[in-house]
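The structure appears below as structure tokens.
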Amino acid sequence: MFGRFSSAARTLTRASTSRVFVPPPQVVVGAKFFSSTPPPVDTITVTVDGSPVEIPKGSTVLHACETAGVEIPRFCYHQRLSIAGNCRMCLVEVEKAPKPVASCAMPAMPNMNIKTTTPLVKKAREGVMEFLLANHPLDCPICDQGGECDLQDQAMVFGSDRGRFVETKRGVEDKELGPLVKTVMTRCIHCTRCVRFAKEVAGVEDLGTTGRGRDTEIGTYVSKLFRSEMSGNVIDLCPVGALTSKPYAFTARSWELKKTESVDVSDALGSNILVDTKGTEVMRITPRLNEEINEEWISDKARFQYDGLKRQRIDVPMAKAAGGLAAVSWEEAFEKIAEAVSKASKDEIKGIAGKLADAESIVAMKDLLNRLGSGNHMCEGFPTLGADIRSSYLMNSSIVGVEDADAILLVGTNPRVEAPVLNARLRRACLSTGATVANVGSPLNLTFPVEELGMGAATLKELDAQSHPFFKTMKEAANPMIVVGAGLVGREDGLALLQTLHSLAEKTGVVGEGWNGFNMLHDSAGRVAGLDLGFLPSESAKKAAAKVVFLLNSDDFDEADVPADAFVVYVGSHGDKGATRADVILPGAAYTEKSSTYVNTEGRPQRTKAAVAPIGQARDDWTIVRALSEVLGASLPYDDLNAVRARLAEVAPHMERTTEVEPSTWLNGSTYAHIPAGTTSDAPFTSSVANFYMTDAVSRASVTMAKCTSTKLT
Amino acid sequence: MSVSKFANAPLTRYIAKDASKGGIINKIVDGNFFASHVLKSSPRTLVGTDDKGNQYYESMTSQLGRHRWVLYSDHDDYVDAPTGIPPEWHGWINHINDFTGPEMEATKPFYAIPATVTKTGTPDAYKPKGSWKHPAKRSWGKYTSFCGV
């Protein structure tokens, strides 16, 4: 089963199946690439600018040129979208062809002689560029795309130095696509990348073209908003400034920005992002390529919640005074905490790790509580379950593996709002390879056909008893998959439901040789790290009523876990529910301000990098816990980040091997065998995410996300 | 003309009031005052009066280009008063055309608002949001902090 995680093996599997959206495999024999895998048998040889190059059969001329290291200018072609061939920028000369050919759409034939440096190609490119610029406004100085514009760059490299255009330029009405995407439609060159993205990846057929020739317009036919959780990606796709970011409009120029490679924490996927900063301010967030997680997409929340980093920030330690919370010094805050802790007995001191808690602060908090003699710590939203077996709470098939599944059962989850990027993969699995997707829970609109089996536990029992027709579908599938949502785990009867699901997984062969299709889709970035580190209550602590509660970035805690008379200490970056409940607030850094480890839902540890300094008196969360330990008389033995990471690797060795997935063992149904079967309730399964745009303290503080929420409601 | 009659004459009262507003010395040094009240006092024609009471005079015996002038009704803004000349009189007083205010009245667009004297230089002058004089000082802070409620 561990073979599924080998990237070499995966490349082979992916190369052998042809899918609509998958780019041509990059397995080549050329000077440019090294490859550990043998070249595919079906290759052909073509000549590019006089040098022979071997490419897989069925590749395009453009791919042949790329393989040979020749860059072909293009606007409409994008490797993750279908081929349109309408911009004509990629024209090359092919020997014996009567005209220049559009290389992105032309299949390469054996012994083709491709020329890209001839006067014909130069003239063709200059001609295409002249036509494109004829109707393109000369507003680069006030265009947000300026500096990172494909049209600008390619006009400089491939365009002519003069034009013959004397008429008036065409005017196009701007379209209203909602609070995220700004449109200036006179700049549009009709590459239709946005249309194809919306149709193929996002799965909302909102965008399209109307009119022909000079009157072509991109729009929504009748005026409506672009309703997708991934709509922001069209900003990156747009080769010109027709679609730009509304919140980022006129705030910075691309060459002023400092880019920091980081990881998103808005959902449990851990999408890779670039944090663009100017001075001490985060100006925007853009996706970073990671084929194994997010490819090159990110959700709108990941992209646009950054303005929440500038609002409701906790920048000084605070303590409850007569008229509410008031700023105090660190010493005063620590003294108050020490006094409260001294009054509590061991298990009455409790720690709750929230959605945005990072692994370093969780391990520091766990060590501190353990040194104080308390085993009373828990992850928010994961109340009843144990985490002894890693495979019971991970996405075992990995995110890429979703595409190999052929029968998918969603239980109590809505991937469209919990992890939009994963939903795009599910959509691909469903539409390209024909996977059957079924749902137990509230009806879903996932942008692809979903079979609705039922609402709750009764349907699950029916499946387990093999009396439901979908059982047969799963049983007969080669790679069946179950996706369990965080909404189900958070229920009172979560344990009993998981027992049923494990039993169903055994019966349908969800886990077999080389395949583990039992997947848990978490709804927060901090959860898996907490479970990996064993941030769960000990047996004695389960009964203890807490007198002092440490909320580690925890804002969505259950009221029952924080007694009304408890002394609450909040460590975090934003003034939200946790901070308003707190007696003492200690200012922590937000995810763009600290270098910390997050483990995504498939168990992949990844590290964020500090893009800007923490604001005010805020500090890295783990250093706050470290300082607190000194005051509480239980000093922690680590003083720098490397030492705390060494401790992290001691507790959970996989945390050291970042960006890699550690395979986990499946206990063949015996994970919950020692626990007596519980009773289930009839309440329908629902997703844990009610509003996609507001799930944690950062997104709740964001004005952009608030605007999205209000437009979604109307 | 007796002295008392002269002192009570409307024009005399006007001149006296006008002179007292800006200070006697200033008014004497100011050529406009002398020209409009003494040199051009006769012969002259009152061409019209606008809504605010500004009087528009013409004297065809004066030098061409200096033959039209206005006596402002509101002496408080003697210096800046030209901006208060309503648009319908603008063409006439600036020798752009020969149409008087009442004649231009018909061309007024429906959205026209009453002409006002500029507030530049007064305490009511416009201050942009970044201006130091703007009562609400612009916050250059990069974030807003949690206030505790």
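The values are calculated or read from the model by the stated rules, or taken from the named source; none is laboratory data. Because the structure is predicted, anything quoted here is derived from the model rather than measured. Note that each Cβ is placed from the backbone with ideal geometry, even for glycine, and that neighbours are counted across all protein chains shown. Note: accessible area is taken over every heavy atom of the protein model, side chains too, but ligands, DNA and RNA are not part of it. Shrake-Rupley method; radii C 1.70, N 1.55, O 1.52, S 1.80 Å.
A few comments on the model shown:
- Subset of the range A:558-576 [assigned to a loop (DSSP other than H, G, I, E, B), open to solvent by 10 Å² or more (accessible area, probe 1.4 Å), away from every other protein chain (no Cβ under 11 Å) and touching a residue at least 24 places away in the same chain (Cβ under 8 Å)]: A:ASP558
- Test: residue in the range A:354-375 that is in contact with a strand residue (DSSP E or B) (Cβ under 6 Å, 6 or more places away or on another chain), among the hydroxyl-bearing types (Ser, Thr, Tyr) and within 13 Å of chain B (Cβ to nearest Cβ): no
- Output for the range A:601-618, where each listed residue is of a type in the set (Val, Ile, Thr) and either within 14 Å of chain B (Cβ to nearest Cβ) or surrounded by fewer than 21 Cβ atoms within 10 Å (Cβ to Cβ) (or both): A:VAL612, A:ILE615
- Evaluation of A:ALA364 against (1) modelled with pLDDT under 95; (2) open to solvent by less than 10 Å² (accessible area, probe 1.4 Å) (one fails), failing number: (1)
- For the range A:312-334, the criterion of being assigned to a loop (DSSP other than H, G, I, E, B) and open to solvent by less than 10 Å² (accessible area, probe 1.4 Å) is satisfied by at least one residue.
- Checked against the criteria, A:ASP307 counts as open to solvent by 10 Å² or more (accessible area, probe 1.4 Å), within 14 Å of chain B (Cβ to nearest Cβ) and assigned to a helix (DSSP H, G or I).
- Number of the exception - A:VAL651 against (1) over 22 Å from A:ALA302 (Cβ atoms); (2) in contact with a helix residue (DSSP H, G or I) (Cβ under 7 Å, 6 or more places away or on another chain); (3) within 14 Å of chain B (Cβ to nearest Cβ): (3)
- The residues on offer are A:THR280, A:THR286, and the sole one that is polar (S, T, N, Q), within 14 Å of chain B (Cβ to nearest Cβ) and open to solvent by 10 Å² or more (accessible area, probe 1.4 Å) is A:THR280.
- Being closer than 27 Å to A:GLY308 by Cα, open to solvent by 20 Å² or more (accessible area, probe 1.4 Å) and not assigned by TED's automatic domain parsing to the domain that holds A:ALA610 is a property that A:SER702 lacks.
- Some residue of the range A:577-588 being buried (at least 20 other Cβ atoms within 10 Å of the Cβ), in a loop (DSSP other than H, G, I, E, B) and either of a type outside the set (S, T, N, Q) or within 14 Å of another protein chain (Cβ to nearest Cβ) (or both): yes
- The residue that is most open to solvent (accessible area, probe 1.4 Å), counting only those in the range A:193-219 that are over 23 Å from A:TYR248 (Cα atoms) and in a loop (DSSP other than H, G, I, E, B), is A:ARG212.
- Of the listed requirements (1) open to solvent by less than 20 Å² (accessible area, probe 1.4 Å); (2) in contact with a strand residue (DSSP E or B) (Cβ under 9 Å, 6 or more places away or on another chain), A:PRO663 misses just one: (1).
Residues checked against (1) in contact (Cβ under 8 Å) with a residue 24 or more places away in the chain; (2) basic (Lys, Arg); (3) under 30 Å from A:ALA560 (Cβ atoms):
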| site | (1), (2), (3) |
| --- | --- |
| A:ALA424 | yes, no, no |
| A:PRO449 | no, no, no |
| A:PHE471 | yes, no, no |
| A:LYS475 | yes, yes, no |
| A:VAL489 | yes, no, yes |
| A:ALA496 | yes, no, yes |
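- Hits in the range A:45-60 (condition: of a type outside the set (Val, Ile, Thr), outside any loop (DSSP other than H, G, I, E, B) and surrounded by fewer than 19 Cβ atoms within 10 Å (Cβ to Cβ)): A:SER51, A:PRO52, A:GLU54
- Residue match in the range A:340-351 (condition: within 14 Å of chain B (Cβ to nearest Cβ) and either buried (at least 18 other Cβ atoms within 10 Å of the Cβ) or more than 27 Å from the chain's Cα centre (by Cα) (or both)): no
- For the range A:619-634, the tally of residues that are surrounded by 14 or more Cβ atoms within 10 Å (Cβ to Cβ) and free of Cβ contacts under 8 Å to residues at least 12 places away in the same chain stands at 1.
- Residue satisfying condition, being closer than 30 Å to A:GLY514 by Cα and either more than 14 Å from chain B (Cβ to nearest Cβ) or acidic (Asp, Glu) (or both), within set A:SER681, A:SER664, A:SER629: A:SER664
- All of A:ALA242, A:ALA252, A:ALA268 fail the test of being within 14 Å of chain B (Cβ to nearest Cβ) and surrounded by 16 or more Cβ atoms within 10 Å (Cβ to Cβ), apart from A:ALA252.
- Subset of the range A:458-484 [open to solvent by less than 30 Å² (accessible area, probe 1.4 Å) and farther than 12 Å from A:GLU506 by Cβ]: A:THR459, A:LEU460, A:LEU463, A:HIS468, A:PHE470, A:PHE471, A:ALA477, A:MET481, A:VAL483, A:VAL484
- Residue in the range A:635-644 that is surrounded by the fewest Cβ atoms within 10 Å (Cβ to Cβ), counting only those that are in contact with a helix residue (DSSP H, G or I) (Cβ under 9 Å, 6 or more places away or on another chain) and hydrophobic (A, V, I, L, M, F, W, C): A:LEU641
- Unique residue being surrounded by 10 or more Cβ atoms within 10 Å (Cβ to Cβ), hydroxyl-bearing (Ser, Thr, Tyr) and modelled with pLDDT under 85 when the list is B:THR107, B:THR144, B:THR118: B:THR118
- For the range A:367-379, filtered to residues that are open to solvent by 10 Å² or more (accessible area, probe 1.4 Å) and either among the aliphatic types (A, V, I, L, M) or in the same structural domain as A:GLU492 (by TED's automatic domain parsing) (or both), the residue that is nearest to the chain's Cα centre (by Cα) is A:MET378.
- The numbered conditions (1) open to solvent by less than 20 Å² (accessible area, probe 1.4 Å); (2) in a loop (DSSP other than H, G, I, E, B); (3) within 14 Å of chain B (Cβ to nearest Cβ) are all true for A:TRP297 except (3).
- Of all residues in the range A:202-231, those that are under 15 Å from A:THR183 (Cβ atoms) have Cβ atoms under 8 Å from Cβ atoms of residues that are open to solvent by less than 60 Å² (accessible area, probe 1.4 Å) and of a type in the set (Phe, Trp, Tyr), 6 or more apart or on another chain, in A:ASP206/A:PHE226; A:LEU207/A:PHE226; A:THR220/A:PHE226.
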